[in-house]
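Q: What follows is a structure written as structure tokens; I'll ask about it next.
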């Protein structure tokens, strides 16, 4: 964005930023953002090309790391999160990998929440370990456990809040104070809330990562990720992207731009539907326990109410019984989509223990609270009565 555009959006509301921030019009004067489907760019002279490649002249070089459509998405999500810079990637996991590869080195140590996406656990536990980066997993809501796990070589604290799939909520202000005192980077996966509900950078986090595949898109169309934070850190992430190439395609960036335009409206609707479903589920005798931070009895409810604008749309619950009963419940539903994705306008249902967290060991599942009778639902935008009726089919099958 130009300095004039930055001034225009300095005090703009979230809906204005979601619709307008980052847009750059070409000489054609298009109203909607164009898709720049080009791999490379033509320069006016050899001198101009040399200046671009050296960085003396800012601008497009090669679409692996500079593309106008992708840049518009980056600038828009940076504005929404309140960050100086963003780097878009090919997936949410690519965003986490890029952050780690850019900011960690052999001998570094990471403290990570136990309650994260199963593939995130695998990335730290198996692959970062190959590069000499060790990880300690902790109870996300136990601040003393975080503090005790930090050592002299700890470089990064990583977490999701609310977590996947048990909706654990971490006090980000308190954890940020711990990270600053230990000279660590605090990296927050804000996928479940999005900046429409929570802004971790304002709460003290250093970096925010997203799977744009989820609510930033909102309709399950494309896969992508993004890293947001201060320019001094994000420049290293951009250099890794330039070198390794886990890049976002221009078309996907355009889809995410369109998704952002309705982000706050969608998240408010998701939250309203989810609260109604969570309240209904906890009244059903066949449901053992409901995990949703919007419920007053949830241990993270008060913290969530303080640092979030809403409670999100992902919840999980335990049915009475074990895996067989959980499978019967899921198989009896007809409206909800049986898929591991979330953040969609369509409600989804899944059994975490055999899908999203299926690669974890028995011990890792136990530590993360992933039981055989646990079901995760991401509440969509259908009529609440119809979502409830479909879940009732599952209950009737128990």
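Q: Can you tell which of 95, 122 is at pLDDT below 95, part of a helix (DSSP H, G or I) and not assigned by TED's automatic domain parsing to the domain that holds residue 363?
A: 122
Q: Of these, 345, 361, which one is over 15 Å from residue 164 (Cα atoms), without any contact (Cβ under 8 Å) to a residue 40 or more places away in the chain, outside the structural domain of residue 169 (by TED's automatic domain parsing) and out of contact with any strand residue (DSSP E or B) (no Cβ under 8 Å at 6 or more places or on another chain)?
A: Only one candidate passes the filter, namely 361.
Q: Specify which of the listed residues (353, 380) is crowded, with 19+ Cβ neighbours inside 10 Å, more than 19 Å from residue 281 (Cα to Cα) and either modelled with pLDDT of 95 or more or not assigned by TED's automatic domain parsing to the domain that holds residue 141 (or both).
A: 353
Q: Considering the stretch 101-119 alone, what residues qualify as being in a helix (DSSP H, G or I) and either surrounded by fewer than 22 Cβ atoms within 10 Å (Cβ to Cβ) or touching a helix residue (DSSP H, G or I) at 6+ places or on another chain (Cβ under 6 Å) (or both)?
A: Across the stretch 101-119, the qualifying residues are 101, 102, 103, 119.
Q: Which residues, taken from the stretch 312-339, are touching a helix residue (DSSP H, G or I) at 6+ places or on another chain (Cβ under 7 Å) and on the phi > 0 side of the Ramachandran plot?
A: Correct list: 312 only.
Q: Residues to consider are 342, 391; find the one that is surrounded by 24 or more Cβ atoms within 10 Å (Cβ to Cβ) and touching a helix residue (DSSP H, G or I) at 6+ places or on another chain (Cβ under 8 Å).
A: Testing whether each residue is surrounded by 24 or more Cβ atoms within 10 Å (Cβ to Cβ) and touching a helix residue (DSSP H, G or I) at 6+ places or on another chain (Cβ under 8 Å) leaves just 391.
Q: With the requirement that a residue be in contact with a helix residue (DSSP H, G or I) (Cβ under 6 Å, 6 or more places away or on another chain) and buried (at least 16 other Cβ atoms within 10 Å of the Cβ), what does the stretch 38-71 give you?
A: 43, 61, 65, 67, 69, 70
Q: Is one or more of the residues making up the stretch 301-316 buried (at least 22 other Cβ atoms within 10 Å of the Cβ) and part of a helix (DSSP H, G or I)?
A: Yes.
Q: Okay, moving on. Quick one: which helices (runs of 4 or more DSSP H) lie wholly within the stretch 2-55 and hold at least 3 residues that are more than 27 Å from residue 80 (Cα to Cα)?
A: Filter on the stretch 2-55 gives 46-54.
The values are calculated or read from the model by the stated rules, or taken from the named source; none is laboratory data. In this text the structure is predicted, and so the values were computed from the model without any measurement. Glycine gets a Cβ as well: all are built from the backbone with ideal geometry, and neighbour counts include every protein chain shown.
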